[in-house]
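Input: a single structure, listed below in C-alpha cells.
The values are calculated or read from the model by the stated rules, or taken from the named source; none is laboratory data. Model, not experiment: these values are computed from the prediction. FYI the Cβ positions are ideal-geometry reconstructions off the backbone, even for glycines, and counts take in every protein chain you see.
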Amino acid sequence: MGLFSGLEAFGFKNEDLKVYSDTKEKEKAEQQAQKQDVRVNEEDCLFPKTHKCPVCDKEFKSLAVRAGKLRSVGQDDDLRPLYKDIDPLKYDAIVCPHCGYAALSRYFNHVMPVQGKRIRAQVMSQFKGMELSSDVFDYDEAILHYKMVLMCDVIGGVKNSRKAYTCLKLAWVLRGKREKEDPKMTPEESEQLRMEELECIQNAYEGYQMAFSAEAFPMSGMDEMTVSYLIAELAFELEKYRESLQMLSNVITNLAASSRLKNKAIDLKERIRAQVKKG
C-alpha cells in the first residue's frame, strides 16, 4: 500500500512518485544528461576575428574559436589536446590573405624588423593571394595554413623552439585528418598522412633537442619539465628508446616536475619497456 495506491484503476502508475523529492538533485541530473547529449556544430564555436597584418599593415578576417564553447575530453601522449565536436587546432594558424605572412596565433603580432624584411622580400613578393573560408576550415585548408606558417618561420629565421612547435602542431593536424572517419580515405592515403605526421614529429624532435640547451624557458609556453617529457615522447614515437629514457630520467627524479607529469613519464617508461621486450 502507498499514498497513491488505488489510482492504478484510472491508469496511473506512480511507483516512483515521491511527495517530497530532492528537486536540486533532479535538476542537476537533468542538466548533466543534457550536457552529455547535446552536440555542438563547429560553426557555432567560431567567429570572424579581425587582424591587422604586422607585415603589410592590411586588415583581414579569419575564423577563430570561442574558447567558452570548447569541451576538453583529454589529450594524446604527446600533449595534443582533444575536444568534443571540434578540433580547434585547425584555427590556430593565421594567414594574411594579402601578403602571405603566416604565424601561429600566439606569435602572429610579434614580428621583428629583420623578420618582416625577409617575409616581404621572399614571401610577399611571390604570393598570389589566398581566399579564406568564411564558415569552417577543413583539414586540407588547415594543413596548408600550417605549412605557410612553417615556411614563414624558416624564412623569417625564428627560434628553433618556435619552428619545432609549428612542426608539432602540424603533426597534430595531420593526425586529426587521419583519425577523422572518412569512408573515402584509402589505406594508402592514411599511410601517407602517417608518414607526413612522422616527418613533422622528427622535425619537432630535432628542433626541441637543439633548443633545449640553447634557449631559455618557458619554451612554446612550456616549462623545462614539460619540454623534457615532450622530447621523450617524440623520441618514443620515432623509436629512439635510449634517447627517450635519458630525457625521462630528468623528469622522474626532478622535484620541480608535477605529480601528473611524473605519472605520464612513468607510463611512458613502461611503454618503452614493453616495446623493447617485443623486440
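Considering (1) in contact with a Phe, Trp or Tyr (Cβ under 9 Å, 6 or more places away or on another chain); (2) closer than 26 Å to Glu215 by Cβ, the lone condition that Asp87 does not fulfil carries the number (2). Exactly one residue out of Leu238, Leu245, Leu255, Leu261 is out of contact with any helix residue (DSSP H, G or I) (no Cβ under 8 Å at 6 or more places or on another chain) and not aromatic (Phe, Trp, Tyr): that is Leu255. For Lys277, the stated conditions hold: it is without any contact (Cβ under 8 Å) to a residue 12 or more places away in the chain and either surrounded by 14 or more Cβ atoms within 10 Å (Cβ to Cβ) or of a type in the set (D, E, K, R) (or both).
Please find, within segment 32-72, the residue that is modelled with the highest pLDDT out of those that are aliphatic (A, V, I, L, M) and in a helix (DSSP H, G or I). Going through the qualifying residues, I end up with Ala67.
For the criterion of being at positive phi and modelled with pLDDT of 95 or more, Gly157 passes.
Within segment 197-208, no residue that is basic (Lys, Arg) sits with its Cβ atom under 8 Å from a residue that is in a helix (DSSP H, G or I) at 6+ positions apart or across chains. Restricting segment 119-157 to residues that are among the acidic types (Asp, Glu) and within 12 Å of Val95 (Cα to Cα), the residue that is surrounded by the fewest Cβ atoms within 10 Å (Cβ to Cβ) is Glu131.
Residue by residue, here is whether (1) assigned by TED's automatic domain parsing to the domain that holds Glu197; (2) part of a strand (DSSP E or B); (3) aliphatic (A, V, I, L, M) holds:
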{"position": "Gly74", "(1), (2), (3)": "yes, yes, no"}
{"position": "Pro97", "(1), (2), (3)": "yes, no, no"}
{"position": "Ala103", "(1), (2), (3)": "yes, yes, yes"}
{"position": "Phe108", "(1), (2), (3)": "yes, no, no"}
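Residues that are surrounded by 17 or more Cβ atoms within 10 Å (Cβ to Cβ) and either part of a helix (DSSP H, G or I) or of a type in the set (Ser, Thr, Tyr) (or both) within segment 253-270 comprise Leu261, Lys262, Lys264, Ala265, Leu268, Lys269, listed in sequence order. Screening segment 100-115 for residues that are buried (at least 18 other Cβ atoms within 10 Å of the Cβ) and closer than 12 Å to Gly157 by Cβ and picking the one that is farthest from the chain's Cα centre (by Cα) gives Gln115.
The one condition from (1) farther than 30 Å from Ser244 by Cβ; (2) touching a Pro at 6+ places or on another chain (Cβ under 7 Å) that Ala67 does not meet is (2).
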